[in-house]
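**Q** Have a look at this one before I ask anything.
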Amino acid sequence: MKQTSEIEQTIAAQAPFHVVNDNGPAPVLIICDHASGHVPPEYGNLGLSAHHLTRHIAWDIGAGDVSRRLAALLEAPAVLCGTSRLVIDCNRPFAADSSIPASSDGVAIPANATIDEGERQRRIDRYFRPYHDEISHRIQSHLRHDRRPALISIHSFTPRMNGFHRPWHVGMLWDQDQRLAAPVIRRLRRDRKLMVGENEPYDGSNPPGYALHAHAADNGVPIAVFEIRQDLIETEQGANRWAQILAAALRPVLADYGRDQSMV
């Protein structure tokens with residue numbers, strides 16, 4: 001069975017982001033901050049083995065594939081980050097230590113240990129800003145036409161972390177705004193076989209997700225942040241199944257939001 005990591009490697013590697021379903025008509029924008037484990041050749045694998053760049057420390061396994069499939073199902077565009085989170089994490093503010101991590105899940109990142117401010121700014125300008133500028137451009141285009149789009153962010157998490165087995169199949173994260181999160185959780189829980197986490201396995205406010213605040217809260221745009229367990233979406237079949245699950249939960253919620261926009 002083909003692994004989604006193989007699919008990811010076929011994407012053009014040099015671009016800081018990729019757009020899927022560019023002209024999707026739905027007033028929805030899907031984003032994936034950790035879609036790729038690509039490290040530009042100039043960084044020489046950041047001093048890591050090639051094996052480490054296939055692990056969860058470098059990217060969110062399966063999340064990009066789910067995002068592409070969900071874009072087709074919802075008839076919405078998706079913006080996928082094209083650079084590994086080890087080069088710069090596009091879901092962290094610059095001031096956070098994890099923005100350019102010196103280590104991840106116990107693995108030291110040699111090339112990140114002693115970078116200076118010039119190199120930090122270079123990574124921001126080359127990889128972080130183009131990705132987030134594309135997201136901002138699309139949100140602002142909607143707002144200029146008096147539409148407040150729904151933002152959907154796709155992530156994945158490891159089945160075990162620090163010796164703890166994470167039982168959730170999917171989690172939803174939020175900070176203050178639950179306009180999409182609360183009804184989507186209710187929809188997902190209609191399937192009693194699914195274990196759905198609320199602000200699990202991470203809290204939407206700690207650590208602070210960049211898109212949740214900079215793109216959603218700052219623009220008054222509702223956001224659904226999904227965390228899907230990686231062993232469930234590491235294959236094409238799994239990614240397709242979960243794209244279908246998310247689409248089924250999201251469609252009625254997005255329809256209700258669209259009808260209620262005038263009251264937001």
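Table: residues versus (1) at pLDDT below 95; (2) in contact with a His (Cβ under 9 Å, 6 or more places away or on another chain); (3) not acidic (Asp, Glu).
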{"site": "Asp65", "(1), (2), (3)": "no, no, no"}
{"site": "Val87", "(1), (2), (3)": "no, yes, yes"}
{"site": "Pro93", "(1), (2), (3)": "yes, yes, yes"}
{"site": "Gly106", "(1), (2), (3)": "yes, no, yes"}
{"site": "Asn112", "(1), (2), (3)": "no, no, yes"}
{"site": "Arg122", "(1), (2), (3)": "no, no, yes"}
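**Q** Determine whether segment 105-118 contains at least one residue that is out of contact with any helix residue (DSSP H, G or I) (no Cβ under 8 Å at 6 or more places or on another chain), under 25 Å from Asn206 (Cα atoms) and polar (S, T, N, Q).
**A** no
**Q** Quick check on my filter: what residues within segment 103-128 are in contact (Cβ under 8 Å) with a residue 12 or more places away in the chain, of a type in the set (Lys, Arg) and surrounded by fewer than 18 Cβ atoms within 10 Å (Cβ to Cβ)?
**A** Arg120, Arg126
**Q** I've got another one for you. Please state which one of Leu151, Leu86 is buried (at least 19 other Cβ atoms within 10 Å of the Cβ), farther than 22 Å from Ala58 by Cβ and touching a Pro at 6+ places or on another chain (Cβ under 9 Å).
**A** Leu151 is the lone residue from the list that is buried (at least 19 other Cβ atoms within 10 Å of the Cβ), farther than 22 Å from Ala58 by Cβ and touching a Pro at 6+ places or on another chain (Cβ under 9 Å).
**Q** Follow-up question, since we're still on this one. Residues in segment 211-246 that are surrounded by fewer than 18 Cβ atoms within 10 Å (Cβ to Cβ) and either of a type in the set (D, E, K, R) or on the phi > 0 side of the Ramachandran plot (or both): how many?
**A** The number of residues fulfilling the criteria is 5.
**Q** Would you confirm, using the coordinates I've provided, whether Gly171 is within 15 Å of the chain's Cα centre (by Cα), modelled with pLDDT of 95 or more and of a type in the set (Gly, Ala, Ser)?
**A** Against the criterion (within 15 Å of the chain's Cα centre (by Cα), modelled with pLDDT of 95 or more and of a type in the set (Gly, Ala, Ser)), Gly171 qualifies.
**Q** Do any strands (runs of 3 or more DSSP E) entirely within segment 152-261 hold 1 or more residues that are in contact with a strand residue (DSSP E or B) (Cβ under 9 Å, 6 or more places away or on another chain) and either free of Cβ contacts under 8 Å to residues at least 12 places away in the same chain or within 19 Å of Asp89 (Cβ to Cβ) (or both), and if so, which?
**A** Qualifying strands (runs of 3 or more DSSP E): 170-173, 223-229.
**Q** Somewhere in segment 201-210, is a residue at pLDDT 95 or above, crowded, with 17+ Cβ neighbours inside 10 Å and more than 16 Å from Ile61 (Cβ to Cβ)?
**A** Within segment 201-210, none of the residues are at pLDDT 95 or above, crowded, with 17+ Cβ neighbours inside 10 Å and more than 16 Å from Ile61 (Cβ to Cβ).
The values are calculated or read from the model by the stated rules, or taken from the named source; none is laboratory data. The structure presented is a predicted model; accordingly, all values stated were derived computationally and were not measured. Neighbour counts are summed over all protein chains in view; Cβ atoms, including those assigned to glycine, are modelled from backbone coordinates with ideal geometry.
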